Amino acid sequence: MDDKYQIYLNRLARMTLPEAYRTQVQHIQTSSKFQPHLEQGRQAVPFPGYTVITPPWEEETDNSTFYAHLQDYQQELLQLRVNSDWIVLVPPASFHLTLADLIWDSAYYDAQRKNPKFEEQLCSCFADIFEQYQQSTQGQTHPICWQMQGLVVMSRAIGVCLVPQNEASYEQIINLRRAIYQNANLIGLGIEQHYHFTAHVTLGYFGEIAPNLDYDYLTTMFSQLNQQWMHNSPELLIQRAELRKFDDMTRYYREPDWPILNF
């Protein structure tokens, strides 16, 4: 399902054009993952599941410069003259790159209900997947380096998207995704691929979309921010993939004995 290398580059380039923002802002919606909460603004609501990600910033030191830039970008989004509740920023400590979506929300609840050993079997699957992947790449010493392409506007969230610095960096991630989604035991646990890979780090989710939202203004602001940010395209070095659990969209955690893949 994932794109070939050049197709991926072309698709990501189109996603950061003013024309893409002009189209996408017409379709933005309030994210149900955050709900109004008395006087505290919007708060994360339960949305549990599992994912494979790079270590979150709170546990990552080698990519601090990259994530510090993203924290600055969050603050620039807040400065846009939109209604005060238009965006909910994610905690910078949770910044990460998702390598493979696994299971979430109703599918997660169903899997847990039907299989009391779901988590145990999931961890066992990933121990095998990571070990087999590591064996298949022995002797490869290419660093996996990705670079910020620009601002990306999704239907319920906003972030920055990334492109690989070279084809080897792309293929290593795609091969890992293939090893995950084609694993028969994982498929047996109800996990399947839903999306083409679009490498991105989420900065925030859309809150209250005002009926009189000025879409032209928002398109212009997004385009200007993108031009500004692209003058400084920080790099993300991918050195580790981890199985993580989440209860909502603000924190991603793991147990000490859960499997890890070191690239």
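The values are calculated or read from the model by the stated rules, or taken from the named source; none is laboratory data. Source: prediction; values computed, not measured. Ideal geometry is used to build each Cβ from the backbone, glycine not excepted, and the neighbour counts take in all protein chains shown.
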- Query: Pairs, please: C-beta under 9 Å, at least 6 apart or cross-chain, first residue in contact (Cβ under 8 Å) with a residue 24 or more places away in the chain and in region 67-78, second among the charged types (D, E, K, R) and surrounded by 16 or more Cβ atoms within 10 Å (Cβ to Cβ)?
  - Reply: Tyr67/Glu60
- Item | Qualifying residue in region 174-184 (condition: within 30 Å of His231 (Cα to Cα) and in contact (Cβ under 8 Å) with a residue 24 or more places away in the chain) | yes
- Task: Report yes if Asn226 is exposed (fewer than 13 other Cβ atoms within 10 Å of the Cβ) and not hydrophobic (A, V, I, L, M, F, W, C), otherwise no.
- Result: no
- Note on the structure: Filtering region 134-180 for residues that are modelled with pLDDT of 95 or more, under 18 Å from Gln239 (Cβ atoms), in contact with a helix residue (DSSP H, G or I) (Cβ under 8 Å, 6 or more places away or on another chain) and among the hydroxyl-bearing types (Ser, Thr, Tyr) leaves a count of 1
- Item | Within region 1-81, helices (runs of 4 or more DSSP H) holding 3 or more residues that are on the phi > 0 side of the Ramachandran plot and surrounded by fewer than 12 Cβ atoms within 10 Å (Cβ to Cβ) | none
- Considering region 174-206, residues that are aliphatic (A, V, I, L, M) and touching a strand residue (DSSP E or B) at 6+ places or on another chain (Cβ under 6 Å), and then whichever is farthest from Ser32 (Cα to Cα), we arrive at Ile180
- Note on the structure: When (1) more than 21 Å from the chain's Cα centre (by Cα); (2) surrounded by 18 or more Cβ atoms within 10 Å (Cβ to Cβ); (3) over 21 Å from Arg178 (Cα atoms) are applied to Tyr133, the one that fails is (3)
- State which residue is nearest to Leu151 (Cα to Cα) when the search covers only region 186-210 and only residues that are polar (S, T, N, Q) and under 14 Å from the mean Cα position of the chain (by Cα). Thr202
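Is one or more of the residues making up region 65-88 closer than 30 Å to Ala111 by Cβ, touching a Pro at 6+ places or on another chain (Cβ under 7 Å) and not polar (S, T, N, Q)? Before you say what the answer is, go through the steps one by one.
Here is the first cut: in region 65-88, the residues closer than 30 Å to Ala111 by Cβ are 88.
Narrowing the set further to residues that are touching a Pro at 6+ places or on another chain (Cβ under 7 Å) leaves none.
Taking every residue of region 65-88 in turn, none turns out to be closer than 30 Å to Ala111 by Cβ, touching a Pro at 6+ places or on another chain (Cβ under 7 Å) and not polar (S, T, N, Q).
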- Out of all the residues in region 92-108, which are touching a residue at least 12 places away in the same chain (Cβ under 8 Å), in a helix (DSSP H, G or I) and more than 30 Å from Gln75 (Cα to Cα)? Ala107, Tyr108
- Task: Name, by its number, the condition in (1) exposed (fewer than 14 other Cβ atoms within 10 Å of the Cβ); (2) over 25 Å from Arg11 (Cβ atoms); (3) aromatic (Phe, Trp, Tyr) that does not hold for Tyr195.
- Result: (2)
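Residue by residue, here is whether (1) in a strand (DSSP E or B); (2) under 30 Å from Gly49 (Cβ atoms); (3) of a type outside the set (Phe, Trp, Tyr); (4) at pLDDT below 95 holds:
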| residue | (1), (2), (3), (4) |
| --- | --- |
| Ile191 | no, yes, yes, no |
| His194 | no, yes, yes, yes |
| Phe197 | no, yes, no, no |
| Glu208 | no, yes, yes, yes |
| Gln224 | no, no, yes, no |
| Trp229 | no, yes, no, yes |
| Ser233 | no, no, yes, yes |
| Leu243 | yes, yes, yes, no |
